[in-house]
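Worksheet: the structure to be examined is printed underneath.
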Amino acid sequence: MKTKIDFATLAGLLTWLMVYGISLYILQKTAATYGGLTLHILFLAYGGLFWLLTRKQGRYGLQSPVGRYLLLLQLLVAIGLLWLTPARNFEFLSILTVIWAAMLPFVMRTGPALLLTIIVVAVWFGLAAWQGGRAVWITALLYGCFHLFAVMVQSASRDAENAKDELEQKHQQLLATQQLLQAASRQSERTRIARNLHDVVGHHLTALTIQLQVASHLTVGEAKVQVDKCHQLAKLLLSDVRDAVSTMRQYADISLLDALSGLTRLVPAQLQVKLQIPSDIMLNDLAQAQHLLCIVQEALSNSLKHSGASEVTIEAEVTQQQLQLVIYDNGSLAPRWQPGNGITGMQERLAECKGSLVLSNNHQAMQLTITLPYSESDNA
């Protein structure tokens, strides 16, 4: 799997290292003894928390169930660093809260993020003023503007990323639908040819066979022998045409495995999809096939965006004229998870197909069980 470099995370880590290094340099130059080992532990804890929170596929990322708590802990660590260092020489430590504020838009809306940032800036510089015994309102205004700027920039980045994800999802759905329609078009043409063979060529061969049989009764000698041979050839050709028509009609439906294989090829590389689907499951209803593709696409998107999964398994079987599709991943489900628009859309699509959706928990991850009416193809 190819690793994608997140330059925003890299910039944050480099900034943290710079603040850490400069702080150590100042402490050595001023021979200050503030904090000692505790100072190193807090700096390393801040950097470690930032790395965990900004990992998109990690269990402790911003979108994980514990993401908000780790973000709060990171803020407390930064305040602890302010408390252990002399305010007069370490005003630049507020850069740590700038980094912290830049992550807020990924856990809350822009408005609350701005309000919380203003509160944190007020508390931070209020503590710095009390600690240093002097007014720092000019510094507070300057750094406060940097905080608000970081929140706004990251909010715009978040909105752009969400729009890109939505556009990519729609693009994948269009490609999957295009493949489905192309397959349906080919199969429709195959069915048309089979019907013409049966209705035109088959009927003419049947008439020819009957005429040759009549001619066999009206002829004698060598002529009868030749007519009988032609009669046998006509019967053999009629049998071949019927076999060809049956074969073409037998494969006139859409294979579920082929349809989903085309869809999974569009999934990003960080998510591996395992298909455990028998090759003989066919979809003879184009509308049902399109709904099913969109449902699977939504399930894969949920695994990518919300569960932090690296692997998704899709199983299918047919029992008692019911097609059952089970989708589960190796990610984690939030403790207070609630169904969103994606799940609601799945249920609405299944309702149109007279199907059902059951949500369950599979090793702390969501499992979707989809049931649809299934009928054997009548084209065979």
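The values are calculated or read from the model by the stated rules, or taken from the named source; none is laboratory data. Predicted model, so just to flag it, every value in this text is computed and none were measured. Here Cβ is always computed from backbone atoms with ideal geometry, including for glycine, and neighbour counts include all displayed protein chains. We work out accessible area using only protein heavy atoms, side chains counted, and drop any ligands, DNA or RNA first. Shrake-Rupley method; radii C 1.70, N 1.55, O 1.52, S 1.80 Å.
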I'd like the full set of residues that are assigned to a helix (DSSP H, G or I), in contact with a helix residue (DSSP H, G or I) (Cβ under 9 Å, 6 or more places away or on another chain) and without any contact (Cβ under 8 Å) to a residue 24 or more places away in the chain, limited to the stretch 99-122. PRO112, LEU116, ALA122
What is the number of the single condition among (1) farther than 29 Å from TYR60 by Cβ; (2) modelled with pLDDT of 85 or more that ILE327 does not meet? (1)
Of all residues being in a helix (DSSP H, G or I) and of a type in the set (D, E, K, R) in the stretch 62-98, which is surrounded by the fewest Cβ atoms within 10 Å (Cβ to Cβ)? Just the residue, please. ARG68
The one condition in (1) under 29 Å from the mean Cα position of the chain (by Cα); (2) buried (at least 18 other Cβ atoms within 10 Å of the Cβ) that ARG55 fails to fulfil: (2)
List pairs: first in the stretch 301-318 and touching a residue at least 60 places away in the same chain (Cβ under 8 Å), second open to solvent by 40 Å² or more (accessible area, probe 1.4 Å), Cβ under 6 Å, 6+ apart or cross-chain? GLY308/GLN57
Candidates SER279, SER261, filtered to the one that is of a type in the set (Ser, Thr, Tyr), closer than 21 Å to VAL318 by Cα, at pLDDT below 80 and touching a strand residue (DSSP E or B) at 6+ places or on another chain (Cβ under 9 Å): SER261
Members of the stretch 112-130 found to be closer than 13 Å to SER94 by Cβ and either open to solvent by less than 80 Å² (accessible area, probe 1.4 Å) or among the basic types (Lys, Arg) (or both), listed by number: THR117, VAL120, VAL121, ALA122, TRP124, PHE125, GLY126, LEU127, ALA128, ALA129
Could you tell me which numbered condition ALA215 fails, if it satisfies all but one of (1) modelled with pLDDT of 80 or more; (2) in a helix (DSSP H, G or I); (3) within 37 Å of the chain's Cα centre (by Cα)? (3)
Selection from the stretch 276-315 of residues over 21 Å from GLY342 (Cα atoms) and either open to solvent by less than 50 Å² (accessible area, probe 1.4 Å) or part of a helix (DSSP H, G or I) (or both) yields ILE277, ILE281, MET282, LEU283, LEU286
